[in-house]
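The values are calculated or read from the model by the stated rules, or taken from the named source; none is laboratory data. As the structure is a computational prediction, the values presented were derived from the model and not from experiment. No Cβ is skipped: glycine too gets one built from the backbone with ideal geometry, and neighbour counts run over all protein chains shown.
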């Protein structure tokens, strides 16, 4: 039945060690828990002829456009779905009234953040991808993952987000280590109990890899550094440093272990749409020192204590080192406040309800064509659930808040490397 099938469209599958894929996997879990059958459409589903075509077009810098067309044609053969979830620029050629498009950030914001580092050709290529990304959200229900991202959509693309649904973190999985375990973990990994500074993400210019390396050099080995790299540009790799360990792979299990070693998360990014590692670190009781982008910008605005450790995007190395020193010295108190912040802001149950509700509302709105009023219940989640805009869903829908999911009877039930593969 089409009413119980959900399709997630993305370049990579759920097991790819990226923040976007982990977010999409959490959405799949939330909707599966409501009785939906979740399917994926990724590059893994392409036949050999399509793969050869993409490889050829990649040399002509046309891969992004081509894969959008291929995905759209494949979708035509798959029949109807209760909802189709697209993201990034993988929705340009998909025209479906039951499509939800997620923006994890914007290429436009990314390009501006790293423009000084890009070649002329790279700038032009990113501009072409911006066009695809802008049109991917047109005519769809648009979801932004943060207030920071919502503002970028309005500023650069002229798009109004239907709602903001921040990425959820399993706070029962990402938990603080006890003092004894924390010390033992550090000694096991580094041979000392010196404070451990963790970095998570692609080791590249956009993530502030140059700033990270300068901080490592100027800290003069008073800290150990655990660098959890989804991708590692060789130019930024520090070799022959006894206080630097690279962990390759960002699976949830590996990340849980990494946070239970760390004293402080350092993320001097030039751009983030959200920053899943920030939320995971806070849930693990690890204070964050970083730049005012994505979720970190929201933290700086909303919490004067842990927000003090979020710096301007043009902050220099000495400012970062100063904040790291302060955070390490006050680590016990900041650990409690960090965990408290994410527990207040993040809730897997309400996250699941929001995704179930947006799919349900989308289906109910498309089912009504006689102009009669339809009542749709919306979970009462305070500031974390933005109003669904009337310019996205029809005027004849009336929204009513509820406190408990059971009240909505119509919701379906139903130097060293550590390889994560080793």
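Here is a list of conditions, (1) surrounded by fewer than 16 Cβ atoms within 10 Å (Cβ to Cβ); (2) outside the structural domain of residue 275 (by TED's automatic domain parsing), and residue 162 meets all of them except one; can you say which number that is?
Going through (1) surrounded by fewer than 16 Cβ atoms within 10 Å (Cβ to Cβ); (2) outside the structural domain of residue 275 (by TED's automatic domain parsing) one by one, residue 162 breaks only (1).
Of the residues in the range 284-293, how many are closer than 20 Å to residue 171 by Cα and within 15 Å of the chain's Cα centre (by Cα)?
The number of residues fulfilling the criteria is 0.
Given the conditions (1) crowded, with 20+ Cβ neighbours inside 10 Å; (2) touching a strand residue (DSSP E or B) at 6+ places or on another chain (Cβ under 6 Å), and given that residue 96 satisfies all but one, which numbered condition is not satisfied?
Single failed check for residue 96: (1).
Could you tell me which residue of the range 229-243 is modelled with the highest pLDDT, considering only residues that are outside any loop (DSSP other than H, G, I, E, B) and surrounded by 13 or more Cβ atoms within 10 Å (Cβ to Cβ)?
Taking the range 229-243 first, the residues outside any loop (DSSP other than H, G, I, E, B) are 229, 232, 234-236.
Applying the additional criterion that residues be surrounded by 13 or more Cβ atoms within 10 Å (Cβ to Cβ) yields 229, 232, 236.
Values: 229: 89, 232: 84, 236: 92.
The extreme case among them is 236.
Test residue 249 against the stated conditions and say whether it is within 28 Å of residue 313 (Cα to Cα) and either at pLDDT 95 or above or surrounded by fewer than 21 Cβ atoms within 10 Å (Cβ to Cβ) (or both).
Values: within 28 Å of residue 313 (Cα to Cα): yes; either at pLDDT 95 or above or surrounded by fewer than 21 Cβ atoms within 10 Å (Cβ to Cβ) (or both): yes.
Yes: the conditions hold for residue 249.
Working only within the range 15-44, note down all residues that are within 23 Å of residue 350 (Cα to Cα), surrounded by 19 or more Cβ atoms within 10 Å (Cβ to Cβ) and touching a strand residue (DSSP E or B) at 6+ places or on another chain (Cβ under 7 Å).
Correct list: 20, 24, 27, 28, 31, 36, 38.
Run down 211, 215 and say which single residue is farther than 30 Å from residue 83 by Cβ, under 23 Å from the mean Cα position of the chain (by Cα) and in a helix (DSSP H, G or I). Before you say what the answer is, go through the steps one by one.
Details: 215 fails: under 23 Å from the mean Cα position of the chain (by Cα).
Exactly one of 211, 215 is farther than 30 Å from residue 83 by Cβ, under 23 Å from the mean Cα position of the chain (by Cα) and in a helix (DSSP H, G or I), namely 211.
Does the range 188-208 contain any residue that is within 16 Å of the chain's Cα centre (by Cα) and surrounded by fewer than 20 Cβ atoms within 10 Å (Cβ to Cβ)?
Yes, some residue in the range 188-208 is within 16 Å of the chain's Cα centre (by Cα) and surrounded by fewer than 20 Cβ atoms within 10 Å (Cβ to Cβ).
Within the range 276-297, can one find any residue that is over 29 Å from residue 165 (Cα atoms) and assigned to a loop (DSSP other than H, G, I, E, B)? Explain how you work it out, then say what you get.
Here is the first cut: in the range 276-297, the residues over 29 Å from residue 165 (Cα atoms) are none.
No: the range 276-297 contains no residue that is over 29 Å from residue 165 (Cα atoms) and assigned to a loop (DSSP other than H, G, I, E, B).
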